[in-house]
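Report on one structure; see the data block that follows.
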Amino acid sequence: MKQLKIWIECARLRTLPVSVSGVVLSIIITWWLGQAKWVPAVLCVVFAVLAQVVSNFANEYFDYRHGFDKVGRVGPRRGVTEGDITPSTLRNVTIATLVVDVLVGLCLIHYGGWWMLPLGIVITLAAIAYSAGPYPLSTHGLGEVAVFIFFGLVPVVFTHYVQTLRFHPLLLLAGMAVGFMAVNVLLVNNYRDVDDDRQAGKRTSVVIFGRKPAAAAYLINGYVAMSLLTPIWLLGIVGHDGLRLTLVAPAVYLVLHTIAWYRLTRSDGAALNPLLGATARNMLIFTLLLAVALVITRL
């Protein structure tokens, strides 16, 4: 049981809403447009979750290799650094998870065409390049850019594409919105670790620009994300009395988001750990509320 808990912590399950939210939102919008295909949709969910787990495993492994982690860090417990998992074991599990994810991705070629293969290769390389390779993105202030693209634009836009073989401008806006929300999860992580990262020579965006700009960006990202989905708010008129039920989702999200920002600006160290999960959870709550609203519009 203890070993299972260690691996769950290593997989960073509290951050998995980041990968799930974008795919689920894309699926529900595609269904709302009357074009959903459930087999490729489910495959996209599995692929996205495994890709994030691979990225989390690789991040822990390579941060250990680069000496960025230390015993007793303020963030979630790092199994390799603390001696709970051997480096070779984590490396092998990362490779095995990556292989499974690649196999799932290959199944999507049947639905999206052979050109999905190079896209899958890029996604796979990005999951590793975030913390490895000659120019690790996470150590050069580019982590947020990678998250915006590969946890926002890519899963939302291409989950729709493999179901419809078309691109839709609404999904591009949704992908950007999800990207901004996903970036906030990384911002909390880097905000918490800024002192440790600075000492270790890891140049995250928070190390480069400081905590105050990071907190401001966190707040702005949430409001920009909701603004990008204005077409949905305008189209989602439901109910016999004409209430805009879809407005419930952004209203609830923005309240939770503003509370989270307030906590961010008044917390430090280990006190920020719950906020990391809360930021991801707020993203999932928004997605589920919007999904319910869009389902009701079709009833």
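Would you check if LEU142 is within 28 Å of ASP197 (Cα to Cα) and out of contact with any helix residue (DSSP H, G or I) (no Cβ under 6 Å at 6 or more places or on another chain)? Spelling it out, LEU142 is indeed within 28 Å of ASP197 (Cα to Cα) and out of contact with any helix residue (DSSP H, G or I) (no Cβ under 6 Å at 6 or more places or on another chain).
Tell me, yes or no, whether segment 33-44 has at least one residue that is in a helix (DSSP H, G or I), modelled with pLDDT of 75 or more and closer than 29 Å to PRO274 by Cβ. Scanning segment 33-44 turns up no residue that is in a helix (DSSP H, G or I), modelled with pLDDT of 75 or more and closer than 29 Å to PRO274 by Cβ. Within segment 160-203, can you find the residues that are closer than 24 Å to LEU43 by Cβ and hydroxyl-bearing (Ser, Thr, Tyr)? Those that are closer than 24 Å to LEU43 by Cβ and hydroxyl-bearing (Ser, Thr, Tyr): TYR161, THR164. For segment 124-183, a residue qualifies if it is in a loop (DSSP other than H, G, I, E, B) and closer than 21 Å to VAL206 by Cα, and the qualifying residues are TYR130, SER131, ALA132, TYR135, PRO136, GLY141, LEU142. Scanning segment 234-279 for residues that are farther than 25 Å from LEU187 by Cβ and part of a helix (DSSP H, G or I), we see that the one that is modelled with the highest pLDDT is VAL248. For segment 284-291, the count of residues that are touching a Pro at 6+ places or on another chain (Cβ under 6 Å) and at pLDDT 90 or above is nonzero. The condition (being touching an Asp or Glu at 6+ places or on another chain (Cβ under 7 Å), modelled with pLDDT of 85 or more, among the β-branched types (Val, Ile, Thr) and within 14 Å of LEU98 (Cβ to Cβ)) is satisfied by just one residue among VAL49, VAL54: VAL54. Kindly evaluate VAL104 against the criterion of being more than 18 Å from the chain's Cα centre (by Cα) and in a helix (DSSP H, G or I). For VAL104, the condition - more than 18 Å from the chain's Cα centre (by Cα) and in a helix (DSSP H, G or I) - is met. Residues in segment 122-143: is at least one modelled with pLDDT of 90 or more and of a type in the set (Phe, Trp, Tyr)? Checked segment 122-143: no residue is modelled with pLDDT of 90 or more and of a type in the set (Phe, Trp, Tyr). Does SER205 qualify as being under 21 Å from the mean Cα position of the chain (by Cα), polar (S, T, N, Q) and either at pLDDT 95 or above or farther than 30 Å from THR139 by Cα (or both)? For SER205, the condition - under 21 Å from the mean Cα position of the chain (by Cα), polar (S, T, N, Q) and either at pLDDT 95 or above or farther than 30 Å from THR139 by Cα (or both) - is not met. Pairing residues of segment 191-213 that are β-branched (Val, Ile, Thr) with residues that are at pLDDT below 85 and outside any loop (DSSP other than H, G, I, E, B), at Cβ distances under 8 Å and at least 6 apart in sequence or on separate chains, gives THR204/SER138; THR204/THR139; THR204/ASP197; VAL206/ASP197; VAL207/ASP197.
The values are calculated or read from the model by the stated rules, or taken from the named source; none is laboratory data. What you see is a predicted model, and the numbers here were worked out from it, not measured in a lab. When we count neighbours, we look across all protein chains shown, and the Cβ atoms used for this are built from the backbone with ideal geometry, even at glycine.
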